[in-house]
Each structure stands twice: as C-alpha cells, then as structure tokens.
Amino acid sequence: MTSHFLPEASFVRPLPPSAGLIDRVIPGDSLPMRRVKQLIAAVAVSEAPVLVQGATGTGKELAAEALHRASGREGALIAVNCAAIPAELLESELFGHEKGAFTGADRQRIGRIEMAQGGTLFLDEIGDMPLALQAKLLRVLESRRITRVGGSSEIEVDFRLVTATHRDLARQVAAGDFRTDLYYRINVFPLDLPDLRERAADIPLILNRMIEDHLARSPAADAPHFDAGALRELSAHDWPGNVRELRNVLARALVLFPGRMVSARHVRENLLQLAMPDPESAADLAPAAPPEAQGLPEPRQFQEALSARADLDLRGYLRDIEVALIECALARSDGSVTRAADVLRLRRTTLIEKMKKFVILRCCEV
Ligand SMILES: Nc1ncnc2c1ncn2[C@@H]1O[C@H](COP(=O)(O)OP(=O)(O)OP(=O)(O)O)[C@@H](O)[C@H]1O
C-alpha cells in the first residue's frame with residue numbers, strides 16, 4: 001500500500017485504541033482526516049450530540065457509522081434521511097404510530113427513534129426537517145420520551161444523536177428556517193468534514209479500499225490499476241462531488257479498464273469525462289506522432305526481468321502488452337485501423353473487436 005506520509009502529521013497526537021476501528025470505516029491518512037478521526041475517537045465515547053457538517057459526498061454518513069461503532073453502544077445505528085421522506089410521513093417515520101392513528105394505519109408501527117434504543121439515531125439532512133417537527137424533536141431531546149402518533153402513553157428512549165447537513169445551519173437559523181434552541185441542542189460537538197480536494201493525498205488509499213470492497217463483493221472481477229500519472233491526475237482534480245464523485249470515477253474505470261493499467265490520459269479523457277471513442281471511425285482516432293522505430297524485447301529479456309519477482313498476474317500483464325502494442329500500431333498508422341491491423345498482422349475485424357474489448361482510445365502515449 002502506498003504510504004502518504006505528511007511531515008505536518010507529526011503534530012497530531014497519537015490516536016486512541018478505537019482508531020483502528022474508525023480507520024476500517026473511513027480510509028484516509030491525510031492531516032485533515034487524521035484530525036477528523038481524532039475528534040471522532042474523542043467524542044464517540046461521550047453522550048454529546050454530534051453535528052456532522054460537510055459538502056455533499058464528503059462521507060457524513062460514514063462519519064456517523066464510525067462514531068456509532070467507536071461508541072461501543074450495543075443498539076443499532078438507525079439512519080433517517082429527513083430530505084428523502086415527505087414531510088407528512090416524517091413524523092410517523094420517526095415516532096411510529098398506533099393502529100388507526102390515521103387513514104391507512106392498519107397496524108401499530110415502531111418509529112426510528114424507538115428502533116435506535118440503546119444505539120445511535122442518525123438524522124441526515126436535519127436542515128430539511130419541517131419546523132413543526134423540529135419542535136417535537138426538541139421535546140424528545142429534552143424529555144428523553146416519545147409518544148407514538150395516535151398514542152397516549154409516553155415511552156422512554158435512550159439513543160445517541162448524530163445529525164448531519166450539507167447546509168449552513170447557522171444561516172438557516174438566522175433566516176428563521178431552523179429553530180435556534182434545536183440548533184444549540186444538536187450542535188454540542190460539531191464535526192466538519194473536509195472536501196476531497198483538501199485531502200487529495202488520501203485518494204490512493206480510498207481507491208484501494210473501494211477496489212478491495214468491490215473485489216470482496218465480486219471476487220471474479222478484474223480491477224483496473226491506476227499508474228502514478230493517473231493518481232497525479234486524480235489528485236489535481238477539483239472533486240466538486242467529493243468522495244461520491246471518486247466512487248463514480250472508479251465505477252467507470254471498472255467498466256472501461258477491467259484488469260488494465262489506467263494512465264493520466266485515460267483519467268482525463270475517459271474517467272473524469274465520459275468520452276467513448278468509436279473504434280470503427282478513423283476520424284475519431286486523432287493522429288499521434290509515430291514512435292521511434294525500435295526493437296521489441298526478446299522473450300529471454302522478460303525472463304531476466306521477471307526472475308526476481310515472487311508472482312505475476314500473467315493474464316493482466318499480457319493484456320497490458322497487447323493493449324500497448326495495439327495503441328502503438330494505431331499511432332504509427334495515423335489512426336487508420338486498416339493499416340494498424342496490417343502492422344500487427346491481424347484481420348481488421350479482429351483488431352476492431354480487440355479495440356472494443358479493451359476500450360482502446362484514439363491516441364496513445366508512445
Ligand atoms: N473516506 C471514504 N472512503 C471510502 N468511501 C467513502 C469515504 N467517504 C465517503 N465515501 C463514500 O462516498 C459516498 C458518499 O458518502 P456519504 O453518503 O457518507 O456522503 P455524505 O456526505 O453523507 O453525502 P450527502 O450529503 O450527499 O448525503 C458513499 O458511497 C461512501 O461510502
């Protein structure tokens with residue numbers, strides 16, 4: 001695994017024992033993320049409500065999961081996205097309801113707050129909660145009791161509250177869209193997640209983790225390999241969609257470059273923007289400067305180069321060589337598939353099939 005040592009990191013205190021657990025949930029070793037993880041470890045064991053703030057896709061839900069796991073609370077982590085549930089349904093979703101409480105309530109239903117008993121209630125997009133419900137939530141936080149919709153008895157509840165928003169809650173308070181008293185109740189411990197561009201050093205680690213997760217789910221999958229240039233290109237990107245955008249980039253790479261080496265150009269042309277070249281159209285194949293004529297390595301030279309290696313992914317390696325040679329032949333042929341096929345002594349249709357299979361692009365770095 002690549003190490004991303006940052007000299008400033010030495011100013012950060014060592015992480016407590018829950019750090020390993022938090023690391024498993026949130027990959028990232030950059031200074032801003034180490035600070036975030038330190039805060040999570042410190043606050044997790046307390047009862048303090050935590051307000052996670054950060055732009056969309058920065059991993060607020062992941063932070064809530066890390067907080068819950070590190071808290072050691074035995075109950076479940078129950079997440080509710082206040083923006084995704086229509087306002088009129090949100091109350092019964094949170095508080096539950098008794099049979100006959102309203103039309104369609106044909107049986108009693110336990111709400112999410114009760115489900116979080118002994119665990120953590122994660123209210124995502126709390127800034128989208130209607131004002132009337134904000135008042136009810138405030139009462140629950142003060143009394144630690146709830147009443148199901150249509151019910152008369154109070155039920156004691158014990159949960160840890162974690163909230164999140166991508167909005168500026170202080171501004172919402174000033175505009176009268178969010179209750180001041182609730183704001184102070186939930187904002188006991190603010191946790192600000194940095195944008196991905198501020199922790200670009202974490203990108204290789206995050207990508208690795210995402211690829212590992214993917215391979216764990218689909219062991220037969222062929223993962224792409226990002227070379228150093230590709231990682232540099234990813235680090236230089238602005239990432240307006242943060243880690244969610246990075247996840248999308250990887251999803252594209254899994255489709256376009258299975259088992260292949262991904263270069264800086266692939267990142268620029270095919271991953272950060274989705275350009276699918278038409279391998280049959282010579283016009284789509286921009287001419288590239290022909291490479292210097294040079295001999296190919298003899299099989300003996302491969303033997304020497306590989307003798308010191310413990311193992312080798314033969315299929316992946318041969319595929320990379322095949323792709324490199326096809327790209328090179330195309331460049332030498334000014335993008336003409338017919339001429340490139342001649343150079344490679346392949347049938348034109350065979351070459352086109354290979355270009356489709358490997359998503360070979362219109363120009364190459366030779
Ligand atoms: N550090 C990370 N490592 C790996 N994956 C991550 C990381 N942070 C976020 N993700 C992934 O990115 C996606 C977005 O994360 P999450 O849903 O937690 O973001 P969010 O800040 O809650 O977004 P939104 O505000 O849009 O709800 C998820 O698929 C999540 O698993």
Legend entry - Among residues of the stretch 114-124, those that are closer than 17 Å to Leu51 by Cα and either of a type in the set (Lys, Arg) or not in a loop (DSSP other than H, G, I, E, B) (or both), counted: 5
Legend entry - Sole exception among (1) in a helix (DSSP H, G or I); (2) within 16 Å of the ligand (Cβ to nearest atom); (3) β-branched (Val, Ile, Thr) for Val43, by number: (2)
Legend entry - Lone qualifier among Ile206, Ile211 - being within 16 Å of the ligand (Cβ to nearest atom) and touching a residue at least 60 places away in the same chain (Cβ under 8 Å): Ile206
Inset, instruction - Take Thr163 and decide whether it is at pLDDT 95 or above, polar (S, T, N, Q), in the same structural domain as Leu77 (by TED's automatic domain parsing) and within 13 Å of the ligand (Cβ to nearest atom). - result: yes
Legend entry - Exclusive hit being touching a strand residue (DSSP E or B) at 6+ places or on another chain (Cβ under 6 Å), basic (Lys, Arg) and either touching a residue at least 40 places away in the same chain (Cβ under 8 Å) or away from the ligand (no atom under 16 Å from the Cβ) (or both), set Arg144, Arg148: Arg148
Legend entry - Neighbours by Cβ (under 7 Å, 6+ apart or cross-chain): first from the stretch 327-348, assigned by TED's automatic domain parsing to the domain that holds Met261; second of a type in the set (S, T, N, Q) and surrounded by fewer than 19 Cβ atoms within 10 Å (Cβ to Cβ): Arg348/Thr338
Inset, instruction - Look at the stretch 55-113 and say how many of its residues are more than 16 Å from the ligand (Cβ to nearest atom) and either assigned to a loop (DSSP other than H, G, I, E, B) or assigned by TED's automatic domain parsing to the domain that holds Glu245 (or both). - result: 18
Legend entry - Residues that are within 17 Å of Arg265 (Cα to Cα) and either near the ligand (Cβ under 10 Å from one of its atoms) or in a helix (DSSP H, G or I) (or both), drawn from the stretch 237-250: Leu246, Val249, Leu250
Legend entry - Meets criteria (closer than 29 Å to Asn242 by Cα and more than 27 Å from the chain's Cα centre (by Cα)) for Phe189: no
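The values are calculated or read from the model by the stated rules, or taken from the named source; none is laboratory data. From a predicted model like this one, the values you see are computed outputs, not experimental measurements. Positions of Cβ are generated from backbone atoms using ideal geometry, with glycine treated the same way; all protein chains shown enter the neighbour counts.
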